[in-house]
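Structure first, commentary second.
All of the numbers you see were taken from the coordinates with simple rules; none came from a lab. Predicted, not measured: the structure shown is a model, and the values here were computed from it. With ideal geometry, Cβ positions are generated from the backbone for all residues, glycine too; neighbour counts draw on all protein chains shown.
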Amino acid sequence: MAACRPTIRVQPDDFDAGAEIRALAENRHDIGAVVTFTGLCRDEGGRLAALELEHYPGMAEAEIERVAREAAERWPLTGLTVIHRHGMMKPGANIVLVVAASAHRKAAFEAADFLMDYLKSRAPFWKKEHLADSGEGGWVEAKESDAAAAGRWKK
Amino acid sequence: MKLIYFAWVRERIGKGEEDVELPADVTRVSDLLAWLKGRGENYGAALEYPEIIRVAINQEHVSHDTPLPESGEIALFPPMTGG
């Protein structure tokens, strides 16, 4: 079976997870499972007014594409959509979406999990905090646990 | 060579990109980081710990022992925090 062609979008605009699932699965009879992951902006207990996401235009798309193709080769996916936003995000806003479709649930779950682990450690995006009290804030530090999470997929 | 910077690397250096003439003995990514670090206080602040800086050549991640290309785009940035 040929690997599916992933849909990749890097954009400032919001997305609609339901619409993306429909776009992927509509009029298809080979999809038995759709797993979606949505990452949202949280306020860290009221501490944050916003998160600002900087990205490397061009490479962001290219790197997500590389990771998505790797997932499509590794699992028998019948559809894959990845959307990553950039710009200023208010608490509650969508940041990232992964939609993985397959004939069976295991491949869809694993591919979505793999994609998120790899996006976190490889896609060129950086989060800057804007604090609720002063407006100022610093860059979010990369977590060791995220690198370790990506490492567990090494074959 | 075109250099581009992101996140706190960009903020500390004080610009998003620049064109530089590299000395002949700067042949690898690690040489580039060491050379840049000596260009001024701002570069010193951005590259204080060169081992944590991530580098991409023509939009692909590379390790610090990678040879530099003849031309193209080299990006320097902190570990990524997307997703």
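Using Cα pairs closer than 8 Å and at least 6 residues apart in sequence, work out the relative contact order for segment A:7-151, in percent.
Details: 284 pairs, mean separation 48.0, N = 145.
For segment A:7-151, the relative contact order is 33 percent.
Under the rule a/c < 1.5 gives rounded, and otherwise a/b versus b/c splits prolate from oblate, where does chain B land using the Cα gyration tensor?
Judged from the Cα gyration tensor, chain B comes out rounded (a/c under 1.5).
Using mean Cβ contacts within 10 Å as the protection proxy, how do B:37-47, A:55-65 order, highest first?
Numbers: B:37-47: 15.0, A:55-65: 19.7.
Per-residue mean Cβ counts within 10 Å order the peptides as A:55-65, B:37-47.
Add +1 for every Lys or Arg and -1 for every Asp or Glu among the other residues with Cβ under 15 Å from the Cβ of A:Ala71, and state the total.
Overall, the nearby charge balance is +3.
Segment A:3-22 to segment A:127-151: how many Å between their Cα centroids?
Each part's Cα centre sits 25 Å from the other's.
Total Lys pairs in segment A:7-151 closer than 25 Å by alpha-carbon, pairs eight or more apart in sequence or interchain only?
9
Return the FRET efficiency for the residue pair A:Ala93, B:Arg12: r is the Cβ-Cβ distance, R0 is 25 Å, and the value is rounded to the nearest 0.05.
0.35
For every other residue with a beta carbon closer than 15 angstrom to the beta carbon of A:Ala149, add +1 if it is Lys or Arg and -1 if Asp or Glu, then tell me the sum. Spell out each step's value before the answer.
On the way: positive: A:Lys120, A:Arg122, A:Lys143, A:Arg152, A:Lys154; negative: A:Glu110, A:Asp113, A:Asp117, A:Glu144, A:Asp146.
Taking every Cβ under 15 Å from that of A:Ala149, the sum is 0.
Give the residues of segment B:52-80 whose amide nitrogen is closer than 11 Å to a point set 7 Å from the Cα of B:Asp31 in the direction of its Cβ.
What the label zone holds, given the 11 Å backbone N cut-off, is B:67-69.
Run the simple label-point estimate for A:Asn27 and A:Ala148 please: 7 Å along Cα→C-beta, distance reported in nm.
With each label point 7 Å from Cα toward Cβ, the separation is 4.7 nm.
Given a 10 angstrom Cα cut-off, can you work out which residue in B:Pro67, B:Pro23, B:Pro50 is the most mobile in a GNM of chain B?
Among B:Pro67, B:Pro23, B:Pro50, the largest mean-square fluctuation in the Gaussian network model of chain B belongs to B:Pro23.
Just to be sure I understand: if I project the alpha-carbon convex hull of segment A:1-133 onto a plane and average over all orientations, what area do I get in nm²?
It is 8.0 nm².
Across peptide A:59-67, what mean number of C-beta atoms from other chains lies inside 10 Å of a residue's C-beta?
Per residue, the average neighbour count from other chains is 3.
Only Lys, Arg, Asp and Glu count, each charged at its Cβ (+1, +1, -1, -1), so figure out the dipole size of segment B:2-77 about its Cα centre, rounded to 20 debye. Mind showing how you got there, number by number?
On the way: 8 positive and 14 negative charges, 46 e Å.
Value, rounded to 20: 220 debye.
Taking only Cα atoms of the protein assembly as shown, what ratio of Rg to Rh do you get with Rh as the Kirkwood inverse-distance radius?
1.01
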